[in-house]
Amino acid sequence: MNKQNNDTKLREHLANERTFLAWVRTSIALMGLGFVIVKFALFLNEVSLLFREQTATGTEGFSSVIGVIIVAFGVILSPFAFYQYKKVEKQINSQSYKSSSFLSGSLTLAIIAGGIILILHLITNIII
């Protein structure tokens, strides 16, 4: 194998690793976002109880559920990212790379679904 082929293969492996690390960062960001949502919902519940001196309206519970779901999605995303990384690594080594958009498509659909749910939740809070 000549030096140019080695350099090309090295670049492909490094690009694959950068992509994997981007997925890991996305996973960590989702877990952090979910954690913040849950903690903020608890804070709102405490403030509501402090100022109203009665039980909260219950909307904070929905926010907590959404936060936990986002954390869980971040956790679930990590093994899928690792699987994709190893699959692409094998394909690069065997020179049979075939792109797959399962992980990207799944994340996109989950974000769209989560966004729609949050929009509906926010609209119902504005109306009520």
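The values are calculated or read from the model by the stated rules, or taken from the named source; none is laboratory data. On a predicted model such as this, the values are computed, not experimentally measured, just so you know. Please note: Cβ atoms are built from the backbone with ideal geometry, for glycine as well, and neighbour counts cover all protein chains shown. Ligands, DNA and RNA are excluded from the accessible area calculation, which covers all protein heavy atoms including side chains. Shrake-Rupley method; radii C 1.70, N 1.55, O 1.52, S 1.80 Å.
Restricting attention to segment 80-113 and to residues that are open to solvent by less than 90 Å² (accessible area, probe 1.4 Å) and either under 12 Å from F20 (Cβ atoms) or aromatic (F, W, Y) (or both), the residue that is modelled with the lowest pLDDT turns out to be L103.
Of note, S100 satisfies the criterion of being under 29 Å from L10 (Cα atoms) and outside any helix (DSSP H, G or I).
Name the residue that is modelled with the lowest pLDDT, counting only residues in segment 46-71 that are in a helix (DSSP H, G or I) and more than 25 Å from I116 (Cβ to Cβ).
Taking segment 46-71 and keeping what is in a helix (DSSP H, G or I), we get 46-52, 59-71.
Imposing the further condition that a residue be more than 25 Å from I116 (Cβ to Cβ) reduces the set to 46-52.
On the way: E46: 79, V47: 78, S48: 76, L49: 78, L50: 78, F51: 78, R52: 73.
Ranking the candidates gives R52 first.
Pairing residues of segment 98-113 that are within 18 Å of A72 (Cβ to Cβ) with residues that are open to solvent by 50 Å² or more (accessible area, probe 1.4 Å), at Cβ distances under 6 Å and at least 6 apart in sequence or on separate chains, gives L103/F80.
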